[in-house]
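In what follows, a single structure is set out as C-alpha cells and then discussed.
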Amino acid sequence: MQDKAHLNAIIALWGSLRKSRKKHFFSLIFLMMIASIAEMASIGSILPFLGALTAPDAFFSHSLMTPVKVIFSINKPSELLLPLTIIFITTASIAGFIRVLLLRLTINFSYFVGAEISVDMYKNVLSKPYSFHISHNSSEIINSIINKTSSTIHEVLVPILTLLSSFVILFGILFILIAIDPFIAITTFSGFAIIYFVIIYSIRKRLNDNSNVIAIESSNTIKFLQEGLGGIRDIIIDNSQDYYCKNYRNSDLKLRSAQSSNNFLALSPRYMVETLGMIFISAIAYFLSKGAGGISMVIPTLGVLVLGVQRMLPVLQQCYGSWSHIKGSKKSLLDVIEFLN
C-alpha cells in the first residue's frame, strides 16, 4: 500500500511538469541511449586493440579486421596497432564526453524543475483561503516549499533520472559482454544483482522509517527556530534560552541521524561489491589462463571482461543508490505532492 502511494506520488510529480520539461526529459532519454551505444563501442573496441598487442597475426586474418584494413590501407599485421589504438582512444573519449554531457543536462533539468515546483507550491499556498492558513503551521508550509522541494529534487528526481540512465547503460554493457562470453557475463551480472537485491530487501524498512523522521523533524527544526526568534523578547525576559535550544537540538539530531543513516545505507554496499568483483576477476583470469594457449591467448577477452565489470559495478551501485535515495525521501515527496495539489 505504501509503495503504491509512493508510485502514485511519482506519477503526480510527472503530471506537474510543464510540457517543455517533458520534452526535455525525452531528449535526455534519447541521449541515454546514445551514451549506452557509445559505452558498448568503447568496451568492444578494446578487444581488437589488445588482440593487436598480443596476437597481431591472428587478428590480421580475422574477418572483423577487413573494414579496418580497407579504411587504413593496412597490408601487414604490424600496421594494425596504430589504427586500433586510435579507434579505442576515440570511442573511449566520445563515451566519456557523452556521459559528462548527460550528467550536465540531467542536473540542469532537475534544478529547473525544482524551481518551477517551488514557485507552483508558493502560488498554490497564497491562493488558499484564510481558513487554510489558520489551520496549518507556517513552519510546515515553509519547510515544504524550501526543504522538501529540495529533497524531492536531490533525492527523487535526480535519482530517477540516474536510475533510468544507469539501466540503459547497463543494458549496453551487458549486451557487449554477453556477445563476447555469455556464461561469464550472465554469471557475473547475476551474482552482483543478487547481492544488491538481498541488501534492498534487508534495508527497505529502515529507509522508510528514516523517511518519516526526516519529513517530521525538518518541519520541527523550522518550527523551533520560528518560535525562538519570533518570541525572542519573552525568551530574554524569562531567561528560557536553554529550553528552546534543547528542543531544537533534539529535533536537529534526529534529523541528521536519519540523513546520515540513509547516506550510509546508499553508499556502503559499493565497497563490498567492488571487493567481490576483484576476487571474481582474479578467479576468471586464473581459469582462463589454464586453457589452450595460456594467458597470452586470453588477454584480449580478459581485458574486455575486466573493463566491462569495471564499468558495470559503478552503474549497479548507481542503480542501488538511486533506489535508496528515492525510498528514503518518500514522505517528503508525498508532502510536496499534497501542497502541489
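The values are calculated or read from the model by the stated rules, or taken from the named source; none is laboratory data. Just so we're clear, the structure is a prediction, and the values are computed from it rather than from any experiment. Positions of Cβ are generated from backbone atoms using ideal geometry, with glycine treated the same way; all protein chains shown enter the neighbour counts. Surface accessibility is based on the protein's heavy atoms, side chains included, excluding ligands, DNA and RNA. Shrake-Rupley method; radii C 1.70, N 1.55, O 1.52, S 1.80 Å.
Name all residues of region 246-289 having a backbone nitrogen under 18 Å from the label point set 7 Å from the Cα of F197 along its Cα→Cβ direction, giving them as ranges. Label zone hits: 273. Across region 208-321, Cα-Cα pairs more than 24 Å apart make up 57 percent of the total.
With a length cut of 24 Å (Cα positions projected on each helix's long axis) and a Kyte-Doolittle mean of at least 1.0, go through the chain and give me the DSSP H helices that pass. Helix filter hits for the chain: 81-126, 158-180, 269-289. The accessible-area ordering, largest first, of the residues M32, M40 stands as M40, M32, per a 1.4 angstrom probe.
Convex hull of alpha carbon positions in region 177-264: directionally averaged projected area 7.8 nm². Answer rounded, prolate or oblate for region 144-214, using the Cα gyration tensor with square roots of eigenvalues a ≥ b ≥ c: rounded when a/c is under 1.5, else prolate when a/b is larger than b/c, else oblate. Taking the square roots of the gyration eigenvalues as a ≥ b ≥ c, region 144-214 is oblate. For region 1-160, dividing the convex hull volume of the Cα atoms by the residue count gives 159 Å³ per residue. To the nearest 10, the accessible area of R21 is 40 Å² with a 1.4 Å probe.
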